[in-house]
């Protein structure tokens, strides 16, 4: 088990240990409702595949619910995808573990459960952490303590929320799902160079977080690049007054060949060449 899983697992154990009277029982599907606040944004992603697993192997782990305001009904804390998969199979009921938790704890548990399973995308994780931070007035240090992370780590991850929705959509379209790369994309956006960052990423020049950090080091708050061009995995970048110039090694080679041919023709035929 990874250190991350151990830390989050211990947190989940603490919350569950406080509910010794929690019971596991079978509850009718029409008595269960998804929670209004759910860290997973794509709630029904992969439901068909999960349904096939449930059909073949059954429910290996009960979903976790708490009592809702309406008498005799429950809302889901964790396991919403399993709930939707079971419902798609026409199951009339499902096994649940009931926890009587205060409302402010419900979302916290849902985030812990999803992070422990590592099912959340970095976009969903950041949104969930920001919701917790704002809902409970956590400092970055307190939020870090909750998940076994440092304050600086939380501050860095939450910097992603500084990006506009349009910029975040650009990152999604370019399929940036590495959290650390997304942090670097946020830094590029802050400096006004996200489009160039994404161009390099799309071309394969920003293959690692180190590449992304090197790129951001070269961009100084929109100022022209005065140092020598930086090479990133077969590409060279140079900041100019017109933006960032990006050239691959092949493009640079063709340019050099063109200049050489022009020079030789000029020697032979004069400026008319």
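Quick rundown of the values:
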read-out: All positions within segment 151-165 that are exposed (fewer than 13 other Cβ atoms within 10 Å of the Cβ) and in contact with a helix residue (DSSP H, G or I) (Cβ under 7 Å, 6 or more places away or on another chain); value: 162
read-out: Positions within segment 68-95 being touching a strand residue (DSSP E or B) at 6+ places or on another chain (Cβ under 6 Å) and closer than 29 Å to residue 130 by Cβ, in sequence order; value: 68, 74, 75, 76, 77, 78, 79, 82, 83
read-out: Identity of the residue in segment 60-83, touching a residue at least 24 places away in the same chain (Cβ under 8 Å) and surrounded by fewer than 18 Cβ atoms within 10 Å (Cβ to Cβ), that ends up farthest from residue 137 (Cα to Cα); value: 72
read-out: The listed residue being under 28 Å from residue 130 (Cβ atoms), surrounded by 20 or more Cβ atoms within 10 Å (Cβ to Cβ) and at pLDDT below 90, out of 206, 198; value: 206
read-out: Residue list for segment 11-49, restricted to those being at pLDDT 75 or above and in contact with a helix residue (DSSP H, G or I) (Cβ under 7 Å, 6 or more places away or on another chain); value: 29, 32, 34, 47
read-out: Residue in segment 140-163 that is farthest from residue 121 (Cα to Cα), counting only those that are without any contact (Cβ under 8 Å) to a residue 12 or more places away in the chain and outside any helix (DSSP H, G or I); value: 150
read-out: Residue ID - nearest to residue 108 (Cα to Cα), chosen from residues in segment 50-72 that are in a loop (DSSP other than H, G, I, E, B), modelled with pLDDT under 90 and over 27 Å from the mean Cα position of the chain (by Cα); value: 68
read-out: Matching entry among 130, 115 (being closer than 28 Å to residue 79 by Cα, in the same structural domain as residue 80 (by TED's automatic domain parsing), in a helix (DSSP H, G or I) and modelled with pLDDT under 90); value: 115
read-out: Residues (part of a helix (DSSP H, G or I), within 10 Å of the chain's Cα centre (by Cα) and more than 22 Å from residue 219 (Cα to Cα)) located in segment 164-185; value: 172
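The values are calculated or read from the model by the stated rules, or taken from the named source; none is laboratory data. Only a predicted model underlies this, so the values are computations on that prediction, with no experimental measurement involved. Note that we place each Cβ from the backbone using ideal geometry, even for glycine, and neighbour counts take in every protein chain shown.
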